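Contents: one structure, followed by commentary.
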Amino acid sequence: MAKTIIRFDHATFGFSDVIALQDISLEITEGEFVGVIGPNGSGKTTLCRAVLGLMPPLGGSLQIFDCACEELRCHHRARIGYLPQKGVLDKNFPITVLETVMMGRYGALGLFNRPSKRDRDIALEALSHVGMEDRRNTALGHLSGGQQQRVFIARALAQQPDVLLLDEPTTGIDITTQHSVLDLIRHLHRDLKLTILLITHDINMIRSSVDRLVLLKTRLYAAGPPEEVLRPDVLRQVYGKDLVITERDLIIVEDYHHHH
Amino acid sequence: MAQFIEMLTYDFMQRSLLAAATVGAVCSVIGVFVVLRGLAFVGAGTAHAAFAGVALAYLVGLPPLPLAIIFGLATVWVTGVMEEQGRMKLDVSIGILYTATMALAILFIGLMKGYNAEVYGYLFGSVLSVTPDELRVILVLSMVVLGVLLTFSKELYFIAFDQEMAEASGVPARRIFYLLLTLVALTVVVSLKTVGAILVFAMILIPASTAYQLTHSLSHMTAYAVVIGVACAVGGVLLSYIWDLPSGPAIVLLATTIFFLSVLLSPKRRRVQTA
């Protein structure tokens, strides 16, 4: 029986006047590949911040590694590798690929400890996992969006995490690169035995990769294998009119309106 | 040449060169983090607040340094809280603090009886008149600031690059941010006497921004910034002696010249042009 490493128990998150997630109960076990889906503003990113210990619950509880999330010690945080939503990177920010990945070691090292040869080796190994070791001395700003995404995944791996938390990892990069980033994540899940928590609005992209899907819209509407969650009656509760089902049973939601 | 050697034998000249080099070094290292973290205007606001502290000290007859530190720290911390709460855009809140503290300084000066040349020394900088006691204070405070910067350099680089990511991966990012703000205030106070409240801002920004033009690596950027900062400070003092110019402007204008040269010669610029 696999160990539960993240446990939401009737947890509610938000600010005093705005509830972002309400009454969430969910367990994530070691080695799972979980996809979190839901429309914009459904609380996906809040879920992310909560798991990172950046947002204590207003009610209920959230346990991560047998530790209440509001008490997450810093070395616990290092056990969750995090890929933030792709922001706009200043192309001229003076930082090399290796310097970026080394930052993944800093939290685990703690204050007052300087990075050693060992930390450098861990960072280089992380780079080789994402296939970027040859670019270690390249300026981060000179890389393409997909390559930068790989470097940021390497930074998360350099923390030597148990869990990889990915917030919209395929947004903002071209379609071929999206597939190669997803292949990389599958490879990390399989070969490094990482627990993957992947947040996305792109259901079609991840439906064949995940063990379980979690459907959010402030509340948790469904959690289970993709074939149970991706049913019109389940999805319609969350997406309503935005749900479009094509002949080939592909489900296109929300973005349909933005892109067509 | 003989005249140049002779100049270096004067006590006051040795003191000013040492003071300028130290201030050049500490300003350029803190400048790297200020530029990368986007805190440029915090430096300016702090300088004027610290000057208000100096003016108050002369008005009531207290030693200027402690009051300058108190005013400087109060300003950076208020700024930090404002940034965190995000109630107002940072440039607006700093703009208000900046002018309000300057108004305080002018008020304090206005309340003084007669003209006080020493106060104006802090406004415009007078490195050639640094006393042995002042030099000692500059050296000690600079060592403290540089020591703390070195100790926490990896965390400071991380929050400069991405503060939220730093926090998420286990770095106590908020505390490091306030530490950085505190060090900015101390650096400003250390530099007041040398380059003055109006120009200290330039000493923090210019060497770091010049280095920013020249490299793609964080560690190289810091090394280049220190070399540029120290060279400009020392060069500026020598120029001010040789041509009898005020020292603060000599240092800052020398640094500005090098900055524009770096913009013209930047490899980043070339890359963009060939791309």
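The values are calculated or read from the model by the stated rules, or taken from the named source; none is laboratory data. Not measured: the values here are computed from a predicted model. In this analysis, Cβ positions are derived from the backbone assuming ideal geometry, glycine residues included, and neighbour counts consider all displayed protein chains.
Some observations on this one:
- In this structure, A:Thr29 does not qualify as within 14 Å of chain B (Cβ to nearest Cβ), surrounded by fewer than 21 Cβ atoms within 10 Å (Cβ to Cβ) and either farther than 19 Å from A:Ile199 by Cβ or hydroxyl-bearing (Ser, Thr, Tyr) (or both).
- All told, A:Leu98 falls short of being hydrophobic (A, V, I, L, M, F, W, C) and either closer than 17 Å to A:Ala78 by Cβ or not in a helix (DSSP H, G or I) (or both).
To keep it simple, each residue is scored yes or no on (1) more than 8 Å from chain B (Cβ to nearest Cβ); (2) among the small types (Gly, Ala, Ser).
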site	(1), (2)
A:Gln85	yes, no
A:Leu89	yes, no
A:Phe93	no, no
A:Glu99	no, no
A:Arg105	yes, no
A:Phe112	no, no
A:Ala126	yes, yes
A:His142	no, no
A:Gln147	yes, no
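- Checking B:Ala231 against (1) more than 9 Å from chain A (Cβ to nearest Cβ); (2) surrounded by fewer than 22 Cβ atoms within 10 Å (Cβ to Cβ); (3) assigned to a helix (DSSP H, G or I); (4) without any contact (Cβ under 8 Å) to a residue 40 or more places away in the chain, the condition it does not meet: (4)
- If you go through segment A:159-214 and keep only what is in a loop (DSSP other than H, G, I, E, B), within 14 Å of another protein chain (Cβ to nearest Cβ) and touching a strand residue (DSSP E or B) at 6+ places or on another chain (Cβ under 7 Å), you end up with A:Gln159, A:Pro161, A:Asp162.
- Within segment B:168-179, tally of residues that are buried (at least 23 other Cβ atoms within 10 Å of the Cβ) and outside any helix (DSSP H, G or I): 3
- Looking only at segment B:175-185, residues that are out of contact with any Ser or Thr (no Cβ under 9 Å at 6 or more places or on another chain) and either without any contact (Cβ under 8 Å) to a residue 24 or more places away in the chain or more than 11 Å from chain A (Cβ to nearest Cβ) (or both) come to 6 in all.
- Which listed residue, of B:Val130, B:Val145, B:Val171, is at pLDDT below 90 and under 20 Å from B:Phe201 (Cα atoms): B:Val130
- Top-ranked residue of segment B:138-167 - restricted to ones that are among the β-branched types (Val, Ile, Thr), away from every other protein chain (no Cβ under 14 Å) and surrounded by fewer than 16 Cβ atoms within 10 Å (Cβ to Cβ), ranked as farthest from B:Pro64 (Cα to Cα): B:Val144
- Test: residue in segment A:63-77 that is more than 14 Å from chain B (Cβ to nearest Cβ), surrounded by 14 or more Cβ atoms within 10 Å (Cβ to Cβ), of a type outside the set (Ser, Thr, Tyr) and not in a helix (DSSP H, G or I): yes
- Single match in A:Ala50, A:Ala123, A:Ala108 (criterion: at pLDDT below 85, part of a helix (DSSP H, G or I) and of a type in the set (A, V, I, L, M)): A:Ala108
- Hits in segment A:84-119 (condition: among the β-branched types (Val, Ile, Thr) and surrounded by 15 or more Cβ atoms within 10 Å (Cβ to Cβ)): A:Ile95, A:Thr96, A:Val97, A:Thr100, A:Val101
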